[in-house]
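Each value in this text was obtained by applying a stated rule to the coordinates, not by laboratory testing. Only a predicted model underlies this, so the values are computations on that prediction, with no experimental measurement involved. Virtual Cβ from ideal backbone geometry, glycine too; neighbours counted across all protein chains shown.
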Amino acid sequence: MRLIIETEDEDGEFATGLLDLARQRQATVTVGDAVWTPERVEHLIREVAPRGRQLLRAVAEGDGWVDGEQYRAAYGDAALRGPSAAITKAVTRGIRDGWLPVGAELPFTSTYDGRSSWQKTGGYRLPRHLAAVFREAFARVFPTSSHPPQAAIDHLSELYEQVGRSPELARERAGAFFEQHAEALTAWAKARSAQSSLPEEAAPAPLRLDACADEAAAQAMANTLLSHVDASDYWRETARTLLTGYLMAAALDHGGLDTVRHWAAHPDENTGVVQLLRTGCPPESLLPDEVEQILAADPATRNGVLATVATALQHATEH
């Protein structure tokens, strides 16, 4: 016999007693949600901005509760200014784009401490059955170790600072990026450590960027730059394509290594790269379309490729 019970209060005395009774009789108990199915939860955590995703993970890992003061102590005094709005925007987009039903509400509720006139957030609560769904979704989409290597976060923070981000913003972005690419960043940290111990003659040779106006030469240079990067086959192959395009476009535009690094750090500011490749590549070349597809990929994929490219360029010098 299959019995379906709908309730608005899973923590209420009646619902709790009923579930306990069912479990005592060794019944199979499945707690679900009509709106926030596993597929929609997964879509939400992919769609939401990093600060919102960080809050959702914290509430889920807290079994449906995160204390505001503890959250601020861990992530900074301003940590709860913005993440709720980011989640609201993602839900609104979900309704607009059709992957959430009309009238869908936020999966969590906020509480207030009552000690200040401007209603400081006391914490966030997520129904326990949804907390489990969110934890499982994070494990599938953004798996991360409980002890992220500090060297990886420090390295990525340095890269963000080099392109003009403030130290605070650099560390925030590095942390958010690590959440999505923990395994890859661990590999990059190991590669960085290994590179620092290489004999001088093993370091990458200086770039002849002017020679990269030819696609084959640009690809050969990309292969050389990526040869010391420890990454999975997917990240390496995709980064090779993008780096080939960047090197060739920079050569065609009479740019230098700083141009390539700028494109890798600011992907939204390099709209001319694809046009340069369409002009300079032979008609049968697939490179312009491949680079365009990478730059238009979802943020998690694109950022992973760009970080691999940035790692490859780290020790590069130019004639």
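Things to note:
- Nitroxide proxy distance, nm - points 7 Å out along Cα→Cβ at Glu136 and His266: 4.5
- Arg128 versus Gln293: modelled label distance in nm, points set 7 Å from Cα along the beta carbon direction: 4.7
- Nearest-0.05 FRET efficiency for Gln275 and Lys120, computed from C-beta distance (R0 35 Å): 0.10
- Mean Cβ neighbour count within 10 Å, used as a protection proxy, ranking 241-251, 304-314 highest first: 241-251, 304-314
- FRET efficiency, 1/(1 + (r/R0)^6) with R0 35 Å, evaluated for Asp233 and Asp63 via beta carbons: 0.40
- Averaging the sequence gap over all C-alpha pairs within less than 8 Å and six or more residues apart, then dividing by the number of residues, gives the range 204-256 a relative contact order of 51 percent.
- Along principal axes, Cα extents of the range 248-319, largest first, whole Å: 34, 33, 19
- As a rough guide to protection, the peptides 91-103, 33-45 ranked by mean Cβ packing within 10 Å, highest first, stand as 33-45, 91-103.
- Value of D in µm² per second that Stokes-Einstein yields for the range 45-120, Kirkwood Rh from Cα pairs, at 20 °C (1.002 mPa s): 160
- Proximal charge balance of Gln219 [Cβ under 12 Å; K/R count +1, D/E count -1]: -3
- Note on Arg302 and Asp77: the extension gain reaches 78.0 nm, defined as 0.36 nm multiplied by sequence separation minus the Cα-Cα distance.
- Cα shape, the range 203-313, gyration tensor, a/c 1.5 rule: rounded
- For the pair Glu105 and Asn223, a Förster radius of 41 Å applied to the C-beta separation gives a FRET efficiency near 0.20, rounded to the nearest 0.05.
- A crude spin-label estimate for the pair Arg208 and Leu286, with each label 7 Å from Cα along the Cβ direction, gives 2.9 nm.
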